[in-house]
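**Q** Pasting a structure below so you can have a look.
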There are 2 protein chains.
Amino acid sequence: MTMNRNWVLDSYPEGAARAENFRLVENPVPEPGPGQILIRTRWLSMDPYMRGRISPAKNYTAGVHPGETMHGGGVGEVVASNHPGWQAGDLVESMNLGWQEYAVIAPDQGGTAAANRVLADAPPQAALSWLGMPGLTAYIGLFEIGRPKPGDTVVVSAASGAVGQIAGQIAKLMGARVVAVASSDDKLDYCRSIGFDAGVNYRTAPDLTAAIADACPEGVDFFFDNTGGPIHDAVLANLANFARVAIVGRIAVIDKPASEDIGLRSSARLVVTRATVQGLVVFDWWHRRNEAFARLLKWHRQGHLQFREDILDGIESAPEAFLRMMSGRNHGKQLVRL
Amino acid sequence: MTMNRNWVLDSYPEGAARAENFRLVENPVPEPGPGQILIRTRWLSMDPYMRGRISPAKNYTAGVHPGETMHGGGVGEVVASNHPGWQAGDLVESMNLGWQEYAVIAPDQGGTAAANRVLADAPPQAALSWLGMPGLTAYIGLFEIGRPKPGDTVVVSAASGAVGQIAGQIAKLMGARVVAVASSDDKLDYCRSIGFDAGVNYRTAPDLTAAIADACPEGVDFFFDNTGGPIHDAVLANLANFARVAIVGRIAVIDKPASEDIGLRSSARLVVTRATVQGLVVFDWWHRRNEAFARLLKWHRQGHLQFREDILDGIESAPEAFLRMMSGRNHGKQLVRL
């Protein structure tokens, strides 16, 4: 009997997640029921939203309870199918795999994120990054919220991360001047190598607000905010008139309880600049995937879109990969290769 | 020789403005030069934006320096004219009168706010409230930013104030359920009398976030924010999915230096709800005055639009009126009648 190894949530983290919050267990590989398919996981994606799933607080999706297999998306190969649309050997991208070597999913249940074909035009793991959820997030943030005009200044936080590096390159394609905010000079070097015009290391800048001001002498026209927290405050203090801000991620504050989540109030700056701030949840824009992916592929073919991955191997490294990504030690999109 | 009494800024306030920051002086009434008109002030308007004008900090308009006459808008009567478009006896609304009994202004300078006809269809002081800047602010906030649909829940802070009472009534006309936030039960009673569905007294609520939740069981679809500060935080914690927030005023935090201006970070809630936040400066929308005022007049005629004023008499009461309005002791639009 083939065994399946899967990570279950052992306990809700208090503050930052720790390896002890997860437990690796072994079970027989499940059998697919009617309408279901059995998948062997090839790639696991590590994303900040996962931290929201392992909290008892209300979020926009249901969370993982202690004892349950950790939620997560990935790419796998169909090994057995009771669904007419899928057959053994097909590559599938799914938000519903979980941190495990084998998963049974129902392609017709769980909405558009349940089971997607992996486009053959790119490496399969691109379905987890530039040709998947992060790519669509960047695309919508730029074209629906930021709408920078040529010459506008765009700031991207977590700029070398999964979403940030795509957002920066799209902003460049739109003719903007793009400034990266990241946690190391090495990450900023990478950002410059893919076209970012300037960079701010938020860990070493003695005065982050002043550093943003120096990097953006004409103010910030669009802020693609992947982090929240002190970076958010520093960029908001530098908004240009009629600026836009897309609140996309909040990795800098996601570990903190709501009562500790304090920072500068932005309302004064928002009035003075007439800025617009908007929350972005990519699932609201899932119907725009074809449009986004067609353009992302085209830019990739034209050499405008590069992408950096940070890969750990083996199911046993899932918590390590997650903690690596949450603490910003990753360089580029964090993946686990099985 | 007729004398003109005017209030000059004596010193920049530190924190809340005090009466000692202003000084009443007497000068001869000035003569209008070429293209200028001499106005005798009849009504002075007291508005929170004035606090921003008496700060050395950068704002969206130039400030008042110590020794200069205090900025302010009002309604007056033309007593002498060297401008072909105006003659003695005309009623004029101008942002450029200042806190004085007589003012010389150049109707062709200072943009659209310099000199406006007072519509004959309403009492002249309505040009300072529901048929003027506050009316336009409310109109744009509802129709351009909030866009509530029938049945949506709208929360208005400073709900009995100059902008709030109009915003609430327009929201009712749009079919929304409207909740007032104000500083006294008396103000809330007034809000209910003009159609607000519920009210929260932010000074007596033991837990403001819970009080907003009680008053808005389905969450807040649109927040017309006139105050910023703790009310802002409490309402943001109760936003419904796809909510909108118009940041219109910040009277609750305008006295505080930027470094003290702290509160709950809203980015988590903005992502979860996909809310949109936008700064509103009414002068960006000045070209929409005719459209707004035509509708405001119609609603007034139809009995849908009431308006409460808080009137002090005499130029000597200008600082008192200003401080009264800044501290929320006014009931309705604060005016000075000369």
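The values are calculated or read from the model by the stated rules, or taken from the named source; none is laboratory data. Keep in mind that this is a model prediction, so the values were computed, not measured. Note: ideal-geometry Cβ built from the backbone for every residue, glycine included; neighbour counts use all protein chains shown.
**Q** Quickly run through the stretch A:22-40 and pick out the residues that are of a type in the set (S, T, N, Q) and touching a residue at least 40 places away in the same chain (Cβ under 8 Å).
**A** Scanning the stretch A:22-40 gives a single hit, A:36.
**Q** Output the residue which, of all residues in the stretch A:10-64 that are outside any loop (DSSP other than H, G, I, E, B) and hydroxyl-bearing (Ser, Thr, Tyr), is farthest from residue A:117 (Cα to Cα).
**A** Only one residue tops the list, namely A:49.
**Q** State all residues of the stretch B:184-208 that are out of contact with any strand residue (DSSP E or B) (no Cβ under 8 Å at 6 or more places or on another chain) and more than 26 Å from residue B:150 (Cβ to Cβ); if no residue qualifies, say none.
**A** Across the stretch B:184-208, the qualifying residues are B:186, B:203, B:204, B:205, B:206, B:207.
**Q** If a residue has to be in a loop (DSSP other than H, G, I, E, B) and either closer than 19 Å to residue B:205 by Cα or in contact with a Ser or Thr (Cβ under 7 Å, 6 or more places away or on another chain) (or both) to count, how many in the stretch B:153-175 make the cut?
**A** Within the stretch B:153-175, residues that are in a loop (DSSP other than H, G, I, E, B) and either closer than 19 Å to residue B:205 by Cα or in contact with a Ser or Thr (Cβ under 7 Å, 6 or more places away or on another chain) (or both) number 3.
**Q** If I filter the stretch A:209-218 for residues that are in contact with a strand residue (DSSP E or B) (Cβ under 9 Å, 6 or more places away or on another chain), modelled with pLDDT under 95, outside the structural domain of residue A:48 (by TED's automatic domain parsing) and farther than 25 Å from residue A:270 by Cα, do I get at least one hit?
**A** Checked the stretch A:209-218: no residue is in contact with a strand residue (DSSP E or B) (Cβ under 9 Å, 6 or more places away or on another chain), modelled with pLDDT under 95, outside the structural domain of residue A:48 (by TED's automatic domain parsing) and farther than 25 Å from residue A:270 by Cα.
To keep it simple, each residue is scored yes or no on (1) surrounded by fewer than 24 Cβ atoms within 10 Å (Cβ to Cβ); (2) touching a helix residue (DSSP H, G or I) at 6+ places or on another chain (Cβ under 9 Å); (3) under 26 Å from residue B:250 (Cβ atoms).
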position: B:93; (1), (2), (3): no, yes, yes
position: B:96; (1), (2), (3): yes, yes, yes
position: B:115; (1), (2), (3): no, no, no
position: B:123; (1), (2), (3): yes, no, no
position: B:138; (1), (2), (3): no, yes, yes
position: B:141; (1), (2), (3): no, yes, yes
position: B:159; (1), (2), (3): no, yes, yes
position: B:163; (1), (2), (3): no, yes, yes
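**Q** Further question: Under the condition of being of a type in the set (S, T, N, Q) and in contact with a Pro (Cβ under 8 Å, 6 or more places away or on another chain), which residue from the stretch A:56-86 is surrounded by the most Cβ atoms within 10 Å (Cβ to Cβ)?
**A** A:81
**Q** Are any residues in the stretch B:2-51 closer than 15 Å to residue B:79 by Cα and modelled with pLDDT under 90, and if so, which ones?
**A** Passing the criteria: only B:2.
**Q** If you don't mind, there's one more thing I want to ask. Cβ-Cβ distance below 6 Å, separation of 6 or more or different chains: which pairs start in the stretch B:284-295 with a residue that is within 14 Å of chain A (Cβ to nearest Cβ) and end on one that is crowded, with 16+ Cβ neighbours inside 10 Å?
**A** As it stands, the answer is B:285/B:140, since those pairs meet every condition given.
**Q** What residue, of A:95, A:50, A:70, is touching a Phe, Trp or Tyr at 6+ places or on another chain (Cβ under 6 Å) and assigned by TED's automatic domain parsing to the domain that holds residue A:319?
**A** None of the others qualify; the one that does is A:70.
**Q** Same structure again: Could you check the stretch A:204-221 and list, in sequence order, the residues that are loosely packed, with under 11 Cβ neighbours inside 10 Å and among the charged types (D, E, K, R)?
**A** Matches in the stretch A:204-221: A:207 only.
Conditions tested, residue by residue: (1) in a strand (DSSP E or B); (2) modelled with pLDDT under 75; (3) at the interface with chain B (Cβ under 7 Å from one of its Cβ atoms); (4) more than 15 Å from the chain's Cα centre (by Cα).
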position	(1), (2), (3), (4)
A:241	yes, no, no, yes
A:244	yes, no, no, yes
A:249	no, no, no, no
A:254	no, yes, no, no
A:259	no, yes, no, yes
A:263	yes, yes, yes, yes
A:268	no, yes, yes, yes
A:271	no, yes, yes, yes
A:278	yes, yes, yes, yes
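**Q** Turning to a different aspect of this structure: Report, by residue number, each residue of the stretch A:128-140 that is of a type outside the set (Phe, Trp, Tyr) and either farther than 23 Å from residue A:32 by Cβ or part of a strand (DSSP E or B) (or both).
**A** Within the stretch A:128-140, A:129, A:131, A:132, A:133, A:134, A:135, A:136, A:137, A:138, A:140 meet the criteria.
For (1) assigned to a strand (DSSP E or B); (2) touching a Leu at 6+ places or on another chain (Cβ under 6 Å), each residue gets a yes or a no:
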site: A:78; (1), (2): yes, no
site: A:84; (1), (2): no, no
site: A:89; (1), (2): no, no
site: A:93; (1), (2): yes, no
site: A:104; (1), (2): yes, yes
site: A:108; (1), (2): no, no
site: A:122; (1), (2): no, yes
site: A:126; (1), (2): no, no
